[in-house]
Structure formats: structure tokens, C-alpha cells
Amino acid sequence: MHIAIAGNIGSGKTTLTEMLAKHYGWEPKYEAVDYNPYLEDYYKDIPRWSFNMEVFFLKERFKDLLQLTRCSKQQTIVQDRTIYEGVYVFTKNNYKMGNMTERDFHTYMELFDSMTHILHYPDLMIYLKSGVSHLVKNIQSRARDYEQQMPLAYLESLNELYDDFIYNKYKGKVLVVDVNNIDYLHSKKDFSGIIDKIDANLFGLF
């Protein structure tokens with residue numbers, strides 16, 4: 001099986017991925033894209049290089065997903081973030097901010113649409129729905145320098161695109177978990193509540 005964890009920056013995707021992998025004995029899968037040859041140019045001239053950067057990320061995520069699909073036939077994989085979020089949330093946000101022309105965005109989406117003919121949706125996508133204040137609290141607590149100056153408007157825009165993606169664009173099976181008032185890392189009760197919902201969705205229990 002292929003289980004995916006979706007959610008905005010600071011929503012707790014990586015933490016839940018690690019906890020589910022340990023609880024179920026699943027194989028965790030994290031985003032393999034850790035280098036992009038366009039990044040340096042992108043930050044010097046974002047409108048000029050955004051299309052190149054996003055196409056490179058799309059290519060790498062597609063390759064990664066093909067490998068993941070093969071692996072998930074032998075074992076259950078739990079994935080931290082998917083190719084779909086890269087497209088419908090982060091690239092769409094780049095376009096929304098005026099960093100990609102309409103022509104480039106249209107070309108990018110046509111490329112992704114061609115890829116979808118051989119892609120398969122995860123067996124379950126778990127969406128960690130979180131308000132901006134909760135995201136900010138988590139971002140501050142993990143103290144990554146490059147995240148500390150992230151504008152609230154950026155997180156708000158991503159949240160809007162995540163909701164649009166989950167409720168209007170994505171056609172696979174989704175479990176929405178509101179994480180605003182729970183602490184599944186420190187509360188066994190909260191984590192058990194998520195497990196019960198996953199079991200109900202995957203195995204028809206409860």
C-alpha cells in the first residue's frame with residue numbers, strides 16, 4: 001500500500017510519518033529532492049528561473065514516485081508530501097505570486113497532466129489541516145533559521161491552496177485530520193485517535 005501525508009509547512013507531516021512507520025511497521029519515504037541546479041539562479045531572479053526550477057522538481061518527484069510505486073507492491077510505504085502538492089500548492093503559488101507566466105504555467109500543467117496517465121493515487125492521503133497560528137508555533141519551536149522569516153501571507157496562501165487541492169482537485173481517498181487542537185507527538189490519546197481513523201479508512205474497522 002501507499003499512504004501519503006499532506007499538509008502545510010509546520011503541520012507535522014514528518015513527525016506523523018515517523019510515528020506511523022514505527023506503529024505499523026511501514027517504510028517511511030521522504031522527499032528525495034535535496035538538490036536543484038536552478039535554486040541559486042532562482043533566488044537571484046525568481047521570475048526568470050521559476051519555471052526551470054519547478055520543472056526540475058517535477059521531474060525528480062515523478063522519478064521518485066515511479067520507484068515508490070514499485071516498492072509499494074511489496075510493502076506499505078508512508079510518504080511525507082507528494083508530487084500532487086508540489087504541483088497544486090507550491091507551483092500554483094509561484095504562479096499566483098506572478099513568478100511564472102501564464103504560458104509557462106500552462107506548459108507545466110500539460111506536462112504534469114501527461115504524467116498522470118501512468119500515476120496511481122495513494123491508497124490513502126492523510127491531510128493535516130492546520131490554521132496559520134498553529135503552523136507558526138510549530139515552525140518557531142523547531143527553529144530552522146531559513147523558516148523563521150517566512151511571511152504569514154505566504155503560509156495563508158499555501159493554506160488556501162491546500163484546501164482547494166484537497167477538496168476540489170484531488171480525486172483520491174482522503175482522511176482529513178484537524179491538528180489545531182491535538183498533540184499526537186506527546187498525547188497517546190490523540191495519536192490513538194488518528195490510528196483509529198486510519199484503521200477505519202484502510203481496514204473498515206470501528
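The values are calculated or read from the model by the stated rules, or taken from the named source; none is laboratory data. Bear in mind the structure is a predicted one, so any value in this text is a computation, not a measurement. Positions of Cβ are generated from backbone atoms using ideal geometry, with glycine treated the same way; all protein chains shown enter the neighbour counts. Quick note on the areas: whole protein, heavy atoms, side chains included, nothing else; ligands and nucleic acids left out. Shrake-Rupley method; radii C 1.70, N 1.55, O 1.52, S 1.80 Å.
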query: Of all residues in the range 70-86 being touching a residue at least 12 places away in the same chain (Cβ under 8 Å) and assigned to a loop (DSSP other than H, G, I, E, B), which is least open to solvent (accessible area, probe 1.4 Å)?
result: Thr82
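Residue by residue, here is whether (1) over 19 Å from Thr15 (Cα atoms); (2) outside any helix (DSSP H, G or I); (3) in contact with a Phe, Trp or Tyr (Cβ under 7 Å, 6 or more places away or on another chain) holds:
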site: Asp104; (1), (2), (3): yes, no, yes
site: His117; (1), (2), (3): yes, yes, no
site: His120; (1), (2), (3): yes, yes, no
site: Ile126; (1), (2), (3): no, yes, no
site: His134; (1), (2), (3): no, no, no
site: Glu156; (1), (2), (3): yes, no, no
site: Val176; (1), (2), (3): no, yes, yes
site: Leu185; (1), (2), (3): no, yes, no
site: Asp196; (1), (2), (3): no, no, yes
- prompt: From the set of residues in the range 33-80 that are among the aromatic types (Phe, Trp, Tyr) and at pLDDT 85 or above, which is farthest from Met115 (Cα to Cα)?
  reply: Tyr42
statement: Across (1) in contact (Cβ under 8 Å) with a residue 12 or more places away in the chain; (2) open to solvent by less than 40 Å² (accessible area, probe 1.4 Å); (3) of a type outside the set (D, E, K, R), Tyr42 clears everything bar (1)
- prompt: Only one residue in Tyr170, Tyr108, Tyr95 is buried (at least 16 other Cβ atoms within 10 Å of the Cβ) and within 30 Å of Leu202 (Cα to Cα), so which one is that?
  reply: Tyr170
- prompt: Within the range 179-190, is there a residue that is hydroxyl-bearing (Ser, Thr, Tyr), at pLDDT 95 or above, farther than 25 Å from Phe90 by Cβ and out of contact with any Leu (no Cβ under 7 Å at 6 or more places or on another chain)?
  reply: yes
- prompt: Mind checking which residues of the range 72-128 are at positive phi and in contact with an Asp or Glu (Cβ under 8 Å, 6 or more places away or on another chain)?
  reply: Arg81
field: Among (1) part of a helix (DSSP H, G or I); (2) open to solvent by less than 70 Å² (accessible area, probe 1.4 Å); (3) within 30 Å of Ile198 (Cα to Cα); (4) at pLDDT below 90 - the single one Val89 does not satisfy
entry: (4)
message: Kindly evaluate Asn138 against the criterion of being touching a residue at least 12 places away in the same chain (Cβ under 8 Å), assigned to a helix (DSSP H, G or I) and out of contact with any helix residue (DSSP H, G or I) (no Cβ under 8 Å at 6 or more places or on another chain).
response: yes
- request: Scan (1) under 17 Å from the mean Cα position of the chain (by Cα); (2) farther than 22 Å from Val179 by Cα; (3) not hydroxyl-bearing (Ser, Thr, Tyr) for the single condition Arg48 breaks and write down its number.
  value: (1)
- prompt: Looking at the range 113-134, which of its residues are buried (at least 19 other Cβ atoms within 10 Å of the Cβ) and out of contact with any strand residue (DSSP E or B) (no Cβ under 9 Å at 6 or more places or on another chain)?
  reply: His134
